[in-house]
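Only the coordinates and a few stated rules stand behind these numbers; no lab work does. None of the values given here were measured: they were computed from a predicted structure. Here the Cβ positions follow ideal geometry from the backbone for every residue, glycine too, while neighbour counts run over all protein chains shown.
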Amino acid sequence: MFKNYELLLHPTFGVLGMIAAVWVFVEALSPREDNLDRMRMAAKTSMVMIWLAYITAGYFYVLYYGADKAVIKAGPWPWAHGIFMETKEHVFFLTLLLATLLPIVTSGAVNKSVGLRKLTLWTSAGVVLTALAMEGAGAVISMGAKLGLQAQLGM
């Protein structure tokens, strides 16, 4: 039963990491002493969730993606792999780097340093934007697999 749902872990971790980065961004818009702990907790949560998305992606890539890749490349949307998966495999490291940087930049006095506040805003926005791009690319890849399977079944 769990096998049917385990593939949902990767995008779920990614979305949770992105939501936590949005939380950091909102807290950094008006940093005060009383919201620094929340901001730092959200930054750590974002980092952990993005790392879990990365780890589960690697696990599923090794176990499942070989068959999916063949279906996608033989289907009507071979560019779903050729463009989106290839891009996702490389651009995701930017998301991972920014999410890892987020707890580091929020560890300082974000409420007292304009530069640190701007760095926090840009870093969290970078996590959100790259994570949204990863989610969108994943949707295209999934659609490529679906259309490839439909083509194999003559639908």
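Some values worked out for this structure:
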read-out: Some residue of the stretch 102-117 being within 16 Å of the chain's Cα centre (by Cα) and under 21 Å from Asn35 (Cα atoms); value: yes
read-out: Test: residue in the stretch 70-78 that is among the hydrophobic types (A, V, I, L, M, F, W, C), touching a residue at least 60 places away in the same chain (Cβ under 8 Å) and farther than 30 Å from Leu153 by Cα; value: no
read-out: Residues (of a type in the set (Gly, Ala, Ser) and within 19 Å of the chain's Cα centre (by Cα)) located in the stretch 25-75; value: Ala42, Ala43, Ser46, Ala53, Ala57, Gly58
read-out: Helices (runs of 4 or more DSSP H) wholly inside the stretch 1-112 that include at least 2 residues being surrounded by 13 or more Cβ atoms within 10 Å (Cβ to Cβ); value: 9-29, 36-60, 66-74, 86-105
